[in-house]
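K.L.:
Let me give you the structure first, and then I'll get to my questions.
Bear in mind that the values in this text are calculations on the coordinates, not laboratory data. This structure is a prediction, so every number in the text was calculated from the model and none was measured. Methodologically, a virtual Cβ is constructed for each residue, glycine included, from the backbone with ideal geometry; neighbour enumeration extends over all protein chains shown.
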Amino acid sequence: MSVPRRAYHLLYLSIIATLIWLHSQRAARDVSPAHIAVQDPLFESIRVLCLVIYDYKQPVAAKYIKRTWGQHCNVLLFVAGQLDAELEPFVPLENCTDKSLLAREGLNYAYEYYKDDADWFLRIDDFSFVAMENLRYMLAKHKPKQALYMGYELREPLNKQAFNYWRCGYVLSWEALRRFQAESKYCGQRWEQRLKLSRCLRQAGVATASSTDELGYETFIPIASFELFLEDKHLDGHAAQGVSISFNAA
C-alpha cells in the first residue's frame with residue numbers, strides 16, 4: 001500500500017472510531033423512557049420526582065446523577081443557588097447554600113409545578129446513589145394519597161418520636177407533600193431538616209412509614225463511602241438490594 005493510500009486509510013479508520021465513540025457517549029447519556037420502562041416495569045405506574053440538592057460551587061457530583069441513575073426518575077429536578085447549564089430543570093434560589101432552605105423551597109416548587117406529574121417525591125443529596133427500581137418496588141406497597149414519609153428511621157432522644165435521617169434521603173407521598181405545602185402554620189418560614197421537618201409533618205398528620213423490607217433489613221443505608229472498602233466492615237449481602245446508599249462522610 002502506497003504512503004498516500006495508507007494515510008487516507010488511517011484517516012478513514014480514525015473517523016469511524018471517532019463516530020463510534022461519539023455514538024456510545026450519546027447512547028450512555030440519552031436513555032429513553034421506553035428503554036427504562038422495559039428495565040423497570042413500575043416506571044410508569046409509580047411516578048417518582050427526584051429532588052437533588054447540591055452546592056452550586058461544586059456541581060460535579062450532581063452532573064453524574066443526571067448522567068446515571070437520575071435518568072430513571074420520572075422527573076429530575078435540581079435545587080441550588082445558581083443555574084448550571086447541564087443541570088436543568090432547576091429551582092432558582094440565588095446564591096443560596098443553606099440545604100434546609102434549598103430543600104424547603106425545592107419541595108414547594110415541586111408541588112406547585114409537578115404535582116400532576118409525580119406520585120412520590122424523593123429528596124436526595126448529590127453524594128448519594130439510589131436504585132430507583134428498588135425504590136418503586138418498596139413504594140408499591142403504599143398509596144400516594146396516604147400521608148406518608150419514609151427513609152432511614154431514627155428516634156428523638158427525649159420523646160422517642162420517629163424521624164428520618166436526612167442524609168440518606170427521604171420520600172414524601174403526594175398527600176404528605178400537599179400537607180407540607182399547605183400547613184405553613186405548623187412549619188413556619190424557617191426550619192432545618194434534622195428534627196423540625198419530621199415535627200412539622202407530624203403536626204400536619206403525616207405518618208412515618210417503615211422503609212424496611214420483608215426481612216427487616218434497612219433499604220435507606222447510611223454508609224460513608226470509605227467504610228465500603230474497610231476490611232473489618234462486612235455488609236450483609238442483602239444490603240445490595242437497598243434503595244439509597246449515602247456516599248458521604250458520616
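K.L.:
Name the shape class, rounded, prolate or oblate, that the alpha-carbon gyration tensor gives for the range 121-183, where a ≥ b ≥ c are the square roots of its eigenvalues, rounded holds for a/c under 1.5, and otherwise prolate holds if a/b is larger than b/c and oblate otherwise.
P.N.:
Oblate, because a/c is 1.5 or more while a/b does not exceed b/c.
K.L.:
Right, next: Once you charge only the Cβ atoms, +1 for Lys and Arg and -1 for Asp and Glu, what is the size of the charge dipole of the range 102-159 about its Cα centre, to the nearest 20 debye?
P.N.:
320
K.L.:
Check the straight Cα-Cα distances from LYS115 and name the lysines below 17 Å, setting aside those fewer than 8 residues away within the same chain.
P.N.:
In chain and number order, the partners are LYS143, LYS145.
K.L.:
Counting only other residues whose beta carbon sits under 15 Å from that of SER211, what net charge do I get with K and R as +1, D and E as -1? Show your work: numbers first, answer last.
P.N.:
Values: positive: ARG123, ARG136, LYS141, ARG155, ARG167; negative: GLU153, ASP213, GLU214, GLU218.
Neighbourhood net charge equals +1.
K.L.:
Under 13 Å from a point 7 Å along the Cα-to-Cβ line of GLU86: which residues of the range 45-68 have their amide N that close?
P.N.:
Residues 58-68 qualify, since their backbone N sits under 13 Å from the label point.
K.L.:
Another question, then. Test of the criteria: in the range 107-183, which GluC sites (Glu not before Pro) are in a DSSP loop and have at most 16 other Cβ atoms within 10 angstrom of their Cβ?
P.N.:
Passing both the DSSP loop test and the Cβ count: GLU183.
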